1. Enter the Cα centre distance for the pair the stretch 7-35 and the stretch 558-634, rounded to the nearest angstrom.
2. For a footprinting-style exposure proxy, rank Asp571, Asp193, Asp522, Asp252 by other Cβ within 10 Å, fewest first.
3. Could you go through the stretch 174-191 in sequence order and give the Karplus-derived ³J(HN,Hα) for each residue, using 6.51 cos²θ - 1.76 cosθ + 1.60 with θ = phi - 60°, rounded to whole Hz, and x for Gly and Pro?
4. Under the rule of -39500 (n - 2.57) per DSSP H run of 4 or more residues, summed and divided by the residues of the chain, what mean residue ellipticity at 222 nm is obtained, to the nearest 500 deg cm²/dmol?
5. Ranking Cys159, Cys351, Cys119 by Cβ neighbours within 10 Å, fewest first, what do you get?
6. Determine the sum of side-chain charges near Pro463: Lys and Arg each +1, Asp and Glu each -1, restricted to other residues whose C-beta is under 11 angstrom from that of Pro463.
7. Tell me, what ³J(HN,Hα) does each residue in the stretch 550-558 have, in order and in whole Hz, if you take phi through Karplus 6.51 cos²θ - 1.76 cosθ + 1.60 with θ = phi - 60° and put x for Gly and Pro?
8. For the chain, give the share of DSSP beta bridges that are antiparallel, in percent and rounded to the nearest 5; count only bridges with both residues there.
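Values in this text are rule-based calculations from the coordinates and carry no lab data. Small disclaimer: the values here were computed from a predicted structure and weren't measured. Here the Cβ positions follow ideal geometry from the backbone for every residue, glycine too, while neighbour counts run over all protein chains shown.
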Amino acid sequence: MKRTLGTCYYPEHWPRAMWQDDALRMRQAGLTWVRIGEFAWSRLEPSPGDYRFDWLDDAIDILGRAGLKVVLGTPTATPPRWMIDKHPDMLAVDAEGRTRKFGSRRHYCFSHEGYKRDCAVIVEKLAERYGRNPYVAAWQTDNEYGCHDTTISYSDAACVAFRKWLEGQYGDIATLNDKWGNVFWSMEYSSFDQIELPNLTVTEANPAHTLAFRRFSSDQVVAFNRLQVDILRAKTNAPIAHNYMGRITDFDHFKVGDDLDIASWDSYPLGFLEDRVGASADHQKRYARQGDPDFQAFHHDLYRAVGKGRWWVMEQQPGPVNWAPFNPEPLPGMVRLWTWEAFAHGAEAVCYFRWRQAPMAQEQMHAGMLRPDSADAPAIDEARQVAAELANSDAVAPAKAPVALIFDYDADASWAVQPHGDGLSYFSLVFGVYRALRMLGLSIDILPPTTRDFSGYELVAAPGLMHMPDALKQALATADTKVVVGPRSAARDDNMCIPDPLPPGLPDLDVTVARVESLRPDMSLPLSGGGQILGYREELEGTEPPVLLEETGRAVAVGNDRRIYVGGWLDTTGWKTLFRDLLKDDHALFDLPEGVRLRDTGRERFWFNFDVIEHEIEGVVLPPISVTRLEKTK
């Protein structure tokens with residue numbers, strides 16, 4: 001499939017006289033797609049029932065006639081002020097019981113029925129008017145579900161909906177009491193109407209209660225998105241997408257993606273380095289102008305899985321952002337590198353946010369492809385370069401990766417409910433495994449936890465899956481590949497209770513987690529052969545031989561050359577040691593420099609050098625801040 005470029009545009013922010021010139025400049029820059037409309041509700045419906053579509057008609061017509069394809073966003077992420085007057089209780093409530101006010105965006109609770117009805121109306125109006133418009137070639141639902149900590153709301157509307165959800169899940173209150181273990185601390189209920197939301201309790205709420213509420217909150221996002229998709233499907237044949245975010249894990253993106261045609265995400269490498277990667281101060285300084293070498297790639301691979309192969313970058317950082325603790329300028333060449341990195345991982349389109357820097361409001365310090373005075377900003381030159389390269393090169397051919405990594409949003413919820421140690425998180429564990437595999441020069445497919453067929457992979461890694469259904473355990477046990485499971489896999493049942501027999505209960509491994517401990521940051525434990533255990537360790541029992549040892553001789557990982565259980569949170573060196581030993585006979589491995597990564601496609605090998613110095617690997621010279629695209633040899 002042809003790879004294309006685009007941008008995000010806000011015609012409502014600019015005089016109509018500028019639209020034609022903007023459209024022509026976009027085409028001259030080599031852009032194909034323009035996303036519009038996702039924040040424009042107050043201009044589409046300035047008062048209840050007063051619809052003003054003329055300006056949007058003109059904008060779509062001007063962009064389309066210039067040869068651009070429009071992605072039309074539904075505007076439900078920014079309900080207008082009159083909507084709050086109509087539904088004063090539609091605002092979300094935080095865990096401290098404080099109502100989140102109007103004045104920015106995403107000011108709604110997913111559970112509010114009145115707001116959902118009004119969302120359905122505006123989506124229906126847009127679908128009726130533009131569903132068959134030849135220039136509207138794709139749709140986007142809402143904008144960045146979960147951004148600004150907006151998935152979970154403790155409102156009265158959420159409480160009512162949660163009780164109904166629980167009754168649907170458990171059927172009767174006695175079953176809920178039993179599954180949750182409510183005999184503990186006399187927490188038993190006599191009806192679903194007695195159940196409150198798990199916030200503002202004297203000490204921590206029952207972990208089963210909290211996990212159930214997180215699952216409910218995720219399902220509310222799924223239902224909200226499906227409401228819009230169902231309306232659009234009846235009126236258009238154009239593909240429908242949503243733009244997810246980096247390290248937003250409090251709703252199940254796979255379930256949202258089941259209703260969509262395309263997964264997209266908003267990639268901000270420099271902003272994410274500061275507030276989401278979880279990197280050390282030295283790492284942040286080293287990559288302050290490049291972004292982490294693995295964070296974007298991880299999300300590219302994740303959203304390729306969410307989109308079942310079809311995915312975009314809907315917003316690509318083009319310069320300094322406005323929202324991170326610090327907002328440096330990317331090094332020259334980074335916008336091009338980020339763009340090609342996305343294409344190497346299978347993106348169909350990369351759209352830069354935004355076309356022109358806004359001179360007003362919250363994002364006025366966020367760079368665009370143009371300056372506020374409409375002069376070119378640095379990013380547009382790199383976009384033009386990529387457009388020229390795309391015009392003179394074949395499409396990137398997909399290929400199955402040698403390694404698969406399972407990612408489970410429900411596991412992330414379980415870890416968030418019960419991390420057992422300060423700073424321990426499921427995302428960090430999985431990302432650490434991903435980084436170690438990438439440093440060995442491996443390309444990776446991320447898979448959902450519903451996967452049961454692992455054929456064609458040399459190795460499957462499944463770290464930290466707190467609850468593992470029996471069907472997944474059996475699929476991993478019978479897979480014709482090497483499998484690495486743990487730590488903390490199958491440590492809880494579906495209701496956050498410790499199972500009996502004790503975990504992990506894997507059908508092909510005689511190993512039992514007898515007890516666990518979390519470790520202070522200054523209590524790391526050295527491994528034999530290099531590396532350390534950080535933060536979390538399990539005491540293992542059973543007859544399986546050790547595969548990885550602490551310096552003291554205690555087993556950290558046990559199993560055989562096909563099935564391994566890891567009973568500790570390994571650092572990067574530890575994971576690399578384990579994976580190198582497992583894969584050295586099956587795959588050519590590298591020991592890549594810190595800032596160098598590769599990605600194999602069906603026909604090519606892409607080398608990415610995030611470093612400010614040149615590297616040479618097996619005769620391939622990699623200039624500083626560069627993309628090197630080589631045809632693969634047999």
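1. If you average the Cα positions of each part, the centres end up 40 Å apart.
2. Least crowded to most crowded, the residues run Asp522, Asp193, Asp571, Asp252.
3. Calculated HN-Hα couplings, in order: 5, 5, 4, 4, 5, 5, 7, x, 6, 4, 5, 6, 6, 8, 6, 10, 9, 7 Hz.
4. Values: 18 runs with 199 residues, N = 634.
After summing the helix terms and dividing by residue count, I get -9500 deg cm²/dmol.
5. Lowest to highest Cβ neighbour count: Cys159, Cys119, Cys351.
6. Details: positive: Arg488; negative: Asp408.
Once all neighbours under 11 Å are counted, the net charge is 0.
7. 6, 4, 6, x, 6, 6, 9, 10, 9
8. 45 percent
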